[in-house]
Each structure stands twice: as C-alpha cells, then as structure tokens.
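What follows is a set of notes on a single structure, which appears directly below.
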Amino acid sequence: MTTEKAKIAPWKGALLRWGGSALVLALLLWLLRAHLPEMLATMRRVPPAAWLVVLAGYIGTHLIGVSKWRLMVNLAGAEISWPVAARCYFAGLFANMFLPSIVGGDVVRAGLGMTAGKSRASVLLGSFLDRLLDVLALAGVGAFGALMLPTALDARSRRIFWMFAAVSLAGLAAALAAWKLFAARVPLRVRRKLVRVRQAWRSMAERKAWVALAFTMAVAVQSGFLILMAHLSTLSGMVIALHLWFFAFPLAKLSAMLPLTQGGLGVREVALAALLAPFGAPPPKTVAVGLLWETIVYAGGLLAGLLALIFGRATRQRAFDGLAAPDKQNLGNGAVSSPRFL
C-alpha cells in the first residue's frame with residue numbers, strides 16, 4: 001500500500017503543478033479577455049523563420065551552459081568529458097518540462113552525472129554550486145538593470161526589487177547559519193562519509209580563477225536568454241529599451257523557481273507584466289511576448305531531449321570503440337593495453 005502511494009504521489013504533484021499553471025493562465029487570460037485579439041496579433045507578427053532563429057540561439061546559449069556545468073563538476077574532481085556532460089545537461093533541460101521548477105532538472109542532471117563521473121560527491125557539489133552561480137548571475141544581471149534605471153523606477157518597482165534583495169540576503173544568512181549549526185552537530189561517523197565532499201570543496205577552492213570563469217559564463221548565459229527575449233519582443237512589435245529587460249527578465253525568471261506551477265508557466269508572465277507596466281509596456285503585449293518565449297522554452301526542451309539521446313548514443317559508441325581498440329591492436333602485435341573510457 002505504501003509503495004503504491006509512493007508511485008502515485010509524483011503524478012499527483014505533476015498534476016497539481018500543471019493545474020496551477022492552467023489556473024494562473026486562465027485567470028490571466030480572463031482578466032485580459034478584452035485584449036485577446038491584440039495578443040494574438042502580437043504573437044503572429046513574429047515570422048516562423050525568425051522564431052526558428054531565436055530557438056537556435058536558445059539552444060546555442062545552452063551549449064555555454066553545458067561547458068559551465070562540466071567545468072564546475074570537473075573542478076570538484078568528476079572528470080566528465082564534454083559529450084557526457086552534454087548528455088546529462090540536456091537530459092536535465094528536458095526533465096524541466098515535467099519536474100517541479102528547474103531544480104527537478106538539476107536532480108536528473110546530477111543523477112546521470114554520478115553514473116559517469118569519477119566521484120559522486122564531486123558531481124553533487126559541482127552541480128549545487130553551478131546552480132548557485134546561475135542564481136547569483138541572475139541577481140547580478142537584475143542589479144545591473146536596476147542601476148541602469150536611477151530615475152525610471154517607480155515606488156512599487158523599487159519596493160519589489162529591494163524586497164527581493166532583502167529576502168535573498170536573509171535566505172543566504174539563514175543558510176550559512178544552518179550550515180554552521182549542522183556542521184557543529186554532525187556525528188563523527190557522518191563526518192567520515194563527508195570526507196569526499198570536503199575534498200571536492202577544497203579542490204574547487206584552490207581554483208578560484210576557474211570558478212570566476214564559470215560565473216562569467218553564467219552571466220553570459222542569462223544575458224543571452226535576456227537578449228533573445230528582447231529580440232523576440234521587438235519582432236512582435238513591442239519595442240522597449242534593452243536595459244528594461246535587464247531589470248525585469250531576471251526577476252521574472254527567479255519567480256519561476258518556486259515549485260508552485262509547472263516550470264513557472266503563468267507566474268513568469270504575470271511577473272513580467274507587473275515589472276514592465278510602470279515603464280509603459282502594455283500588459284497584454286507583455287503577456288503575449290511571455291507566451292511566445294514559453295514556446296521557445298518548451299520547443300527547446302523537446303530538442304534537448306533529442307540531443308540527450310544523440311549524445312548518449314555517441315558516448316556509448318565511443319566507450320565501445322575504446323573497449324574494442326585494444327583487441328584490434330592485440331591481433332596485430334600481441335600487445336596488451338588497458339581499455340580507455342570516456
């Protein structure tokens with residue numbers, strides 16, 4: 001009975017998240033029901049060819065994300081090749097379409113990485129710090145956007161930004177306090193099991209320049225997504241200053257991390273409309289652009305699943321070739337060599 005409930009529970013959670021997204025979108029569209037023709041016209045202004053270019057840019061930007069994730073887990077000692085990292089990364093991106101928020105995809109990515117990496121602790125620590133860099137990069141891009149608007153922010157937008165900053169700092173302080181309290185009370189037998197985590201942490205701490213490079217890559221990834229969405233907005237006829245996107249896009253994306261809806265669908269559009277409205281962006285057009293971006297995200301997720309399969313087959317083939325190569329060599333000269341794995 002307990003096993004059956006455990007199997008059903010994840011499906012219930014998925015239904016609740018999709019139901020939450022459907023409810024938020026239904027409420028949003030009902031509030032904007034008088035502007036539905038305008039919203040459809042906004043979305044139709046984007047030529048299919050231009051939409052495909054944005055989709056290609058979305059996947060291309062994620063290739064930087066692959067290199068960033070691989071860099072972080074390898075700094076911790078995972079020793080994962082780029083094709084294997086691509087398979088893990090794109091599988092996680094595909095899983096984001098079904099699992100709660102982007103954290104669910106991180107679990108899938110780390111799970112696959114642990115089967116291929118040299119150390120499970122390295123993959124776990126590297127994956128966690130990789131996600132932390134992404135959040136810090138989003139916060140940094142948002143802060144940069146806010147600094148670009150010294151006089152444009154109204155009182156409501158300033159309150160939203162500073163409230164988010166205060167919550168982030170409070171969360172960081174609470175996490176550090178909890179870590180110190182936890183570390184002080186961990187039994188000795190558990191500490192022995194965490195030796196590999198400490199070794200991975202020390203390995204990364206000794207390579208601060210590479211961590212800084214990974215953070216730069218994280219900023220490039222988030223800025224790339226932002227620029228792609230701004231371009232999509234321009235194609236649809238809603239032209240606003242780029243620095244407004246630097247302010248609104250990161251905060252809207254951070255709001256989507258809450259596991260209340262499926263991948264933030266609906267929540268992100270509401271946040272964008274609320275953040276850009278004070279600057280003269282019509283909420284109906286903003287929501288239409290947000291829904292257009294959702295089509296890019298979900299189409300990119302489907303392509304990511306295909307890429308994960310392609311890279312998975314490629315890595316298996318290379319592993320097979322590595323095993324077979326010594327046998328071929330033995331037929332020629334009788335030499336014995338150890339097989340090479342990716």
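The values are calculated or read from the model by the stated rules, or taken from the named source; none is laboratory data. No experiment lies behind these values; they were computed from the predicted model shown. Using ideal geometry, Cβ is built from the backbone for each residue, glycine included, and neighbour counts are taken over all protein chains shown.
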(message) For the structure I just gave you, tell me whether Ala91 is modelled with pLDDT of 80 or more and buried (at least 20 other Cβ atoms within 10 Å of the Cβ).
(response) yes
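Take Leu27 and tell me if it is of a type outside the set (S, T, N, Q) and free of Cβ contacts under 8 Å to residues at least 60 places away in the same chain. Spell out how you get there, then give the answer.
On the way: of a type outside the set (S, T, N, Q): yes; free of Cβ contacts under 8 Å to residues at least 60 places away in the same chain: yes.
For Leu27, the condition - of a type outside the set (S, T, N, Q) and free of Cβ contacts under 8 Å to residues at least 60 places away in the same chain - is met.
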(message) I'm checking my understanding of the structure. Among residues of the stretch 136-165 that are at pLDDT 65 or above and not hydrophobic (A, V, I, L, M, F, W, C), which one is surrounded by the most Cβ atoms within 10 Å (Cβ to Cβ)?
(response) Gly142
(message) Quick check on this structure: which one of Leu133, Leu28 is in contact with a Phe, Trp or Tyr (Cβ under 8 Å, 6 or more places away or on another chain), buried (at least 17 other Cβ atoms within 10 Å of the Cβ), farther than 20 Å from Phe311 by Cβ and at pLDDT below 90?
(response) Leu133
(request) Starting from residues that are touching a Gly at 6+ places or on another chain (Cβ under 8 Å) and surrounded by fewer than 19 Cβ atoms within 10 Å (Cβ to Cβ), keep the ones in the stretch 40-59 and report whichever is nearest to Ala116 (Cα to Cα). (result) Ile59
(request) Confirm whether Arg340 is assigned to a helix (DSSP H, G or I), of a type outside the set (A, V, I, L, M, F, W, C) and either closer than 20 Å to Gly117 by Cβ or at pLDDT 90 or above (or both). (result) no
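Would a scan of the stretch 78-87 turn up a residue that is out of contact with any helix residue (DSSP H, G or I) (no Cβ under 7 Å at 6 or more places or on another chain) and closer than 14 Å to Ala308 by Cβ?
Taking every residue of the stretch 78-87 in turn, none turns out to be out of contact with any helix residue (DSSP H, G or I) (no Cβ under 7 Å at 6 or more places or on another chain) and closer than 14 Å to Ala308 by Cβ.
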(message) Among the residues in the stretch 61-72, are any of a type in the set (Gly, Ala, Ser), touching a residue at least 12 places away in the same chain (Cβ under 8 Å) and over 14 Å from Pro284 (Cα atoms)?
(response) yes
(message) Report every pair of residues separated by at least 6 positions or lying on different chains whose Cβ atoms are under 7 Å apart, first residue within the stretch 99-123 and among the charged types (D, E, K, R) and outside any helix (DSSP H, G or I), second buried (at least 22 other Cβ atoms within 10 Å of the Cβ) and modelled with pLDDT of 80 or more.
(response) Lys118/Ala78
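Does Ala116 qualify as being modelled with pLDDT under 70, surrounded by 17 or more Cβ atoms within 10 Å (Cβ to Cβ) and within 30 Å of Val66 (Cβ to Cβ)? Full working, then the answer.
Working: modelled with pLDDT under 70: no; surrounded by 17 or more Cβ atoms within 10 Å (Cβ to Cβ): yes; within 30 Å of Val66 (Cβ to Cβ): yes.
Answer is no for this residue.
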(message) Any residue in the stretch 235-246 that is without any contact (Cβ under 8 Å) to a residue 40 or more places away in the chain sitting within a Cβ distance under 7 Å of a residue that is buried (at least 19 other Cβ atoms within 10 Å of the Cβ)? List the pairs, counting only those 6 or more apart or interchain.
(response) Leu242/Ala230
(message) With the requirement that a residue be more than 15 Å from the chain's Cα centre (by Cα) and either closer than 14 Å to Asp130 by Cβ or part of a helix (DSSP H, G or I) (or both), what does the stretch 68-86 give you?
(response) Leu71, Val73, Asn74, Leu75, Ala76, Ala78, Ile80, Trp82, Pro83, Val84
